[in-house]
Amino acid sequence: MAETLEQIGADVRACQMCKLCQTRTVGVPGEGSPTAEVMFIGEGPGFHEDQQGRPFVGAAGQLLTEMLRTIGMRRQDVFITNVVRCRPPGNRDPLPDELQACDAFTQRQIAVLQPKLIVTLGRYSMARFVGQGPMRDLHGRTREWNGITCLAMYHPAAILRTPTPEMRRIYQEDFAKVPVLLEQERRKREVLALAAVAAEPAPKQLDQLPLF
Ligand code: URA
């Protein structure tokens, strides 16, 4: 039977693959539409996410929700998750073994959703899908990962830490790329689907079919 997001969610909540399970309140699998075309991948749950079992529900989440609204999207239209799904104690950075253990869930969610666009929020997610380097150089850039276009963006918490008009402008510009890239991806798939139909052998003419 095909895997579901619910199954993955249940597995996250029961997961003991890394030591974060010892200190978490609950695992935070991610949430959103099962037919989402865009997947946002952040870093890891903070205090509020750990309490509620939902991603991006604190201050950074409020900014993410607000930014989505500026591009005509709602949280329930996309899928939001993190590279680690249990809160690192004291909100420390996730460690390599924790990132590696949780990557299987990321892969499973991507396999189910088959998103047209992945948006990375913050450096850990960017390092996984777009590449290593300073955020100031890579934000707003895309890279193809396993056939999926991935767009690097600052983590909303970084914008809250440096709330200058310049940072807000940069963030708005990067967010504005989401609907543009999504439209490009839709078109690309349409063209590929049409090309596949055109490449199919022509159906036999009726008068060429044997009668018996
Ligand atoms: N920061 C993240 O990276 N993820 C969350 O879910 C909340 C805050």
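Residue-by-condition table, conditions (1) of a type in the set (A, V, I, L, M); (2) farther than 20 Å from G9 by Cα; (3) in contact with a strand residue (DSSP E or B) (Cβ under 8 Å, 6 or more places away or on another chain):
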{"residue": "V84", "(1), (2), (3)": "yes, no, no"}
{"residue": "K116", "(1), (2), (3)": "no, yes, yes"}
{"residue": "F129", "(1), (2), (3)": "no, yes, yes"}
{"residue": "D137", "(1), (2), (3)": "no, yes, no"}
{"residue": "G140", "(1), (2), (3)": "no, yes, yes"}
{"residue": "I148", "(1), (2), (3)": "yes, yes, yes"}
{"residue": "T162", "(1), (2), (3)": "no, yes, no"}
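Determine whether the stretch 138-157 contains at least one residue that is touching a residue at least 40 places away in the same chain (Cβ under 8 Å) and either basic (K, R) or touching a Lys or Arg at 6+ places or on another chain (Cβ under 7 Å) (or both). No, the conditions are met nowhere in the stretch 138-157. Only residues that are open to solvent by less than 10 Å² (accessible area, probe 1.4 Å) and of a type outside the set (F, W, Y) were counted across the stretch 112-132, and they come to 9.
Counting the residues of the stretch 26-58 that are of a type in the set (A, V, I, L, M) and closer than 17 Å to M153 by Cβ gives 4.
Scan the helices (runs of 4 or more DSSP H) fully inside the stretch 1-117 and keep the ones with 2 or more residues being within 12 Å of the ligand (Cβ to nearest atom) and in contact (Cβ under 8 Å) with a residue 24 or more places away in the chain. Working first, answer last.
Numbers: elements: 5-14, 47-52, 59-70, 96-113.
Where helices (runs of 4 or more DSSP H) fall fully within the stretch 1-117 and carry at least 2 residues being within 12 Å of the ligand (Cβ to nearest atom) and in contact (Cβ under 8 Å) with a residue 24 or more places away in the chain, they are 47-52, 59-70.
There is no residue in the stretch 73-95 that is surrounded by fewer than 19 Cβ atoms within 10 Å (Cβ to Cβ), modelled with pLDDT of 95 or more and hydroxyl-bearing (S, T, Y).
Picking from D207, D174, which residue would you name as being modelled with pLDDT under 95 and acidic (D, E)?
Working: D174 fails: modelled with pLDDT under 95.
Within the list D207, D174, the selection yields D207.
The values are calculated or read from the model by the stated rules, or taken from the named source; none is laboratory data. Worth saying up front: this structure is predicted, and the values here are computed from it rather than measured. A quick note on method: Cβ atoms are made from the backbone with ideal geometry, for glycine too, and the neighbour counts reach across all protein chains shown. With ligands, DNA and RNA removed, areas are computed over all heavy atoms of the protein, side chains included. Shrake-Rupley method; radii C 1.70, N 1.55, O 1.52, S 1.80 Å.
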